[in-house]
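The values are calculated or read from the model by the stated rules, or taken from the named source; none is laboratory data. All values reported here derive from a predicted model rather than from experimental measurement. Cβ coordinates were reconstructed from backbone atoms using ideal geometry, including for glycine residues, and neighbour counts include every protein chain displayed. The accessibility values were calculated without ligands, DNA or RNA, using every heavy atom of the protein model including side chains. Shrake-Rupley method; radii C 1.70, N 1.55, O 1.52, S 1.80 Å.
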Amino acid sequence: MKAHHEESRDHSKKSHRRQNHKNCIRRYATAFIGIAIVIVLCIHWHLAILHTRGLQPHDLFLSSFSSSRLGTNGQPAGEPRPLEAAPRDDVAPYILSPICGGCTRSFFDHRHCFTILQRDEKKSGGKLTLLDAASKLGRESKTCELCDPVQCWKHYFNNSTQNYGSGHQSKYWRFDRSHPKFVNPTTFSLTSIPSELRIPPSRFQDMGAYFREKYEFSKANNASMDYLVEYNPGLVAIPSKMKQFLPKEAAYLLSLRVTPANNCFSSEVYANLPKDVWSAVYHTSTNNLGLALLDQNYQMIPGYDVVIEIAVPLDLKRSMTSKRTGKNVEDVSPTFMDYRIFVLNNEIYLHANADTVSVNRLSLRAKGFGDDDAYLKNTGTCVAVAEEAGEQGNWEKPCRFDNLYGGDNLQVTLMRQFNTIWSGGIYGKNYALFGLPNATHPDAPDSIYAEIHIFPHHVQQILPEEYDKLAKKKVFEYIWKEGTHKSRHFKIDRVNMRSVKEVGNATESDNVPLPSFSSIDAHEDWFPGQEAPFKEAAHGGACCVSFSADELNLGGTKNNHHESLLVGIGHTKVTWKPFYSKAHVPQEKKDRIPHTHYVSLFYAFDPYPPFHIRARSGYFCLGHAPLANGNELPPTEGGIFNPHSILTRNRNLQQNNITFDCPQMSFVSSYIEKVGDASKTIIGYGLNDCTGRLVEVEKREIARLLYPDPMDMIFEPT
């Protein structure tokens, strides 16, 4: 018994010592965790300080594409500020890597450099780290030289190794932290749209039922869905020749797509709709043109915004009745959509996506400015002119639209029938139109160009007022393939047969430079090399603003520009791929790279053929409009409150299971120089096919992104 007690005491002492040992370990572990947290916070603070040099302390970690400080209830708290707080899980504007961003997006022949260095690392059997393999490849291959840290440094520092140190790492920027800084953000809501055609905010949480109700009503009345949203703003300065016929404060013309088709709500809302309802929401034949006069501060001039139906008065709308069955066709595609406007040779041109791109010329006047009776007498309605033209659909005289909504204060004249640009084929859309001085005859009108693709850069000189008449068979060969025996009975083919005259052959420039800075998708832990989620071939976008050599030299360390460049904004996206529909593909993989998510970029090119691309920025996204207080916008946001603005937050840009502080789809639809101030530009963009917004950006800021200071955007000393 005594031996048993002694054994018990010994066991108790040992247990006590073990417990003390465990407690000691816990205390040390707690201390180490606390130290680690402090270190991480210091690193994040250090990163933010470097990114926000020149900002005030209260601006740290704030998004320059939002406009109010939010309280805990989502409403503005206290005095609004120009910047909106970043999401709580978003504390660093970029992540770091010892591997150069240029390496993960470079090619050896048609193979990605990153794929080769991964192979070399694996083959080494543990003798090479990924960085060792990158350095080795960069020293051995000219086309992969940016994988070598020394060559990477020299590339961004104009072939200099001054101040190079082996401790430098490369920055990979978040999309929502690499955008340009801006001022004067403006939101739009067309007052001409009747209130009964607005989606009631009271139904925002019940949209599945709302869409089904609207579908049943439209089906019963053989009509499209009867609600409207407006987005994708186009913008031009009012041409001097039209100013005398408009209010004196009119500085800009704004265009908007007005349609029931939208992506305002979460993807689950649409995915849960019955197939026929889903089709009616997206495949609506209603795509109207909204127009509004703006003053120099981008505010809508009361009484001068209208909604115009284009296809019906021109007798170009596709029939909703099947010729074969005689029954109603519920998912008729629109004749025209995605309207945009450009000023060329002091005239306003309307661009519309149809089968491909169609263009026309507009004229504006305001009621009471000039002889109203003479205008009405001498300019027939578009309905009458189209009827007179008959089945051939060819007419070259002006016609006036009867506005669908908004009264008749703003009167819009279409100068002729549409012509079609076939240079980009049947899949062409969203071309940018721009003019350049005539190279051989300086006093002649500008030469007009259509930018068909950005990467590779494909540009065609056109004569938008002239056309070649195509046979309908030739149109069908464009739509399907040469020698096809298919046919159709679409009225839009009257326009398709009017092929815009081209001057010479299209120019193509394949030499596309690497991005000026790296975005987070290129990081080796994200989507390096062949895993790149976004299409390399960027599309328009909007173009073009001229930057002088002096304006380009306002950027980073590259200050040796001697010629001007034209600058535009393109977009690219994660495209749908077959694996998204494969049941055996893990959902985790699909969720990591969600498709139809957009990013934007700046690009600059020579203002003469063959229009070589000289620079492009890294990717960025454009932000949400700020949350309103009731029906009032915060003082930092101009324009008119649009209740749909809050809806864009239902769908944010996502990649690699990270959510960014911007819409899933931010689509730049206009980019022009500010009236009266050539140092500033205006960007117009649509948010999730739901609302539109304008922001003002200095040219200096854009030059900073195209030609950045390497220690600001590219490298981080450690």
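Miscellaneous remarks
- For the stretch 235-243, 3J(HN,Hα) computed residue by residue from phi via the Karplus equation (6.51, -1.76, 1.60; θ = phi - 60°) reads 8, 9, 6, 4, x, 4, 5, 9, 4 Hz, glycine and proline entered as x.
- Averaged per residue, the stretch 260-404 has 42 square angstrom of accessible surface, using a 1.4 angstrom probe with ligands and nucleic acids left out.
- Remark: the stretch 432-443, residue by residue, has Karplus-estimated 3J(HN,Hα) of 9, 10, 8, x, 9, x, 4, 5, 9, 10, x, 8 Hz, where x stands for each Gly or Pro and the curve is 6.51 cos²θ - 1.76 cosθ + 1.60 at θ = phi - 60°.
- Surface share of carbon and sulfur [accessible, 1.4 angstrom probe, percent] for the stretch 461-556: 45
- Calculated from backbone phi, Karplus (6.51, -1.76, 1.60) coupling profile of the stretch 396-411 in Hz, x at Gly/Pro: 10, 10, x, 9, 10, 7, 8, 4, 6, 9, x, x, 10, 5, 9, 10
- Bridgeable aspartates and glutamates around Lys123 (alpha carbons under 18 Å apart, same-chain partners fewer than 8 residues away excluded): Asp132, Glu140.
- Interchain or long-range residues, amide H under 5 Å from Cys662's placed H: Leu653
- Gyration tensor (alpha-carbon) shape descriptor, the stretch 513-640, a/c threshold 1.5: oblate
- Area accessible to solvent at Arg119, 1.4 Å probe radius, in Å²: 100
- Amide H contacts of Ser519: Trp173, Tyr619, each under 5 Å away and 5 or more positions distant or on a separate chain (H built 1.01 Å from N in the peptide plane; Pro and chain starts excluded).
- Annotation: per residue accessible area for the stretch 479-535 equals 50 Å², rounded to a whole number [probe 1.4 Å, protein chains only].
- Excluding ligands, DNA and RNA, the accessible surface per residue across the stretch 607-699 is 30 Å² with a 1.4 Å probe.
- Three-way shape call for the stretch 303-460 based on the alpha-carbon gyration tensor, with the a/c threshold at 1.5: oblate
- For the stretch 87-163: rounded, prolate or oblate by the Cα gyration tensor [a/c cutoff 1.5]: oblate
- In the stretch 637-718, the chymotrypsin sites (Phe, Trp or Tyr not before Pro) that fall in loop regions by DSSP, at most 14 other Cβ within 10 Å: none
- Solvent-accessible area, 1.4 Å probe, carbon plus sulfur percent, for the stretch 190-284: 53
- Surface accessible to a 1.4 Å probe, Ser333 within the full protein complex, Å²: 50
- Residues whose amide H lies under 5 Å from that of Val412, counting only those 5 or more places away or on a different chain, are Phe401; hydrogens are built 1.01 Å from N in the peptide plane.
- Using a probe radius of 1.4 angstrom, the carbon and sulfur fraction of the accessible surface of the stretch 359-431 is 48%.
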